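The block underneath contains the structure these notes are about, expressed in structure tokens.
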Amino acid sequence: MEKIKCLIIGAGPAGYAAAIYAARAGLNPVMYTGPQPGGQLMITNDVENYPGYPEGRNGPEMMEDFKKQAARFETDIRNEMITKVDFSGPVHKVWTEAGLEIHAHTVIIATGASAKWLGIPGEDRLQNLGVSACAVCDGFFFRKQEVAIVGGGDTAAEESTYLAKICKTVHLLVRRDEMRASKIMQERVMNTPNLIVHWNTSPEEVLGDDGVTGVRIRNNKTQEVSTLDVTGFFVAIGHKPNTDVFEDWLDRDDSGYLLTTPGRTFTKVPGVFACGDAQDKIYRQAVTAAGTGCMAALDAERYLVEQGV
């Protein structure tokens, strides 16, 4: 069993920002990165809207910058998952996947969110065989090939334009008659010559045996069914917050996002704080995640002072 002042669960912009502030405040934070160190920015290509990077920055490279800054202030970064928690007492208990029991005076939750899947036939069976939720991770394998991607938000717009840089043709399947993406991202989609938008179109099945050979689609207005001959199928329909491990202890909304005191990072359990995309379903930006990570660390520091720890 290990006793610590400040435990940070998650390693995206929120987690790293919390670590930097907590470490500088002398809280000796211990961070458990979880299954995807760096969070969603690890599947993001060019980040152009984060202050301080006037020329933009590759997402994974930016997360490496964050990690180095957190490590510089002696954050103890551990590449492992937290699989169980017990927030019933004044000292919060958590367990790692290796079975280590940790007692933490404060816990900062920065577990972020993960990609959603469609649940259509062939999608699960052909994952890693042509089906992917990460264009930046896997797009290289489809150079000069035809691919399809489904979604209508900023993620779909960004990933489809990224794929268009390396693929022969990209078919963007939008299930409605309009996109939810921001105006600038929609303009990029429309101005990309090898990116074809299929409006009111839903994928029904991913085809192929040992790899993707096509996707069966349906026009939601005419009900016409057809097949797109593609070798890659990308899903970009949103994300689910990674908060299931906390469901017995913390309040969540209907989508699974942790509920915090408005304007603060307090959960209903004293000493447990939530930040980033685990509790933010409105903005979901790297800069806002980092901001709430800062808030969580400051809230944790003040809590420890009040408790005389």
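No lab work stands behind these numbers, since they all come straight from the coordinates. As the structure is a prediction and not an experimental result, all values here were calculated from the model. A quick note on method: Cβ atoms are made from the backbone with ideal geometry, for glycine too, and the neighbour counts reach across all protein chains shown.
Computed values, structure above
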{"read-out": "Whole-angstrom gap from region 183-224 to region 269-309, using each part's C-alpha centre", "value": "39 Å"}
{"read-out": "Mean residue ellipticity (222 nm) of the chain, computed from DSSP H runs ≥ 4 via -39,500 (n - 2.57), nearest 500", "value": "-7000 deg cm²/dmol"}
{"read-out": "Residue order, fewest to most beta carbons within 10 Å, for 301, 159, 204", "value": "204, 301, 159"}
{"read-out": "Length-normalised contact order for region 215-288 - Cα pairs under 8 Å, 6+ apart - percent", "value": "19 percent"}
{"read-out": "Dipole in debye (nearest 20) - the chain, about Cα centre, beta carbon charges: Lys, Arg +1; Asp, Glu -1", "value": "440 debye"}
{"read-out": "Eligible aspartates and glutamates near residue 5 by straight Cα distance, threshold 17 Å, same-chain separation 8 or greater", "value": "74, 76, 86, 101, 299, 301, 306"}
{"read-out": "For peptides 238-251, 51-64, 13-26, sequence by mean Cβ density within 10 Å, most packed first", "value": "13-26, 238-251, 51-64"}
{"read-out": "Spin-label pair residue 168/residue 69, simplified geometry with 7 Å Cα→Cβ offset, distance in nm", "value": "4.4 nm"}
{"read-out": "Equivalent ellipsoid semi-axes, the chain, via Cα gyration tensor eigenvalues times 5, rooted, Å", "value": "39, 20, 17"}
{"read-out": "Principal-axis tilt of helix 154-164 within the chain, Cα atoms, nearest 10 degrees", "value": "50 degrees"}
{"read-out": "Degrees separating the helix 59-72 axis from the principal Cα axis of the chain, which is the longest one", "value": "10 degrees"}
{"read-out": "Taking 196, 217 and counting other C-beta atoms within 10 Å, the order from fewest to most", "value": "196, 217"}
{"read-out": "For the chain, share of DSSP beta bridges that run antiparallel, in % to the nearest 5", "value": "45 percent"}
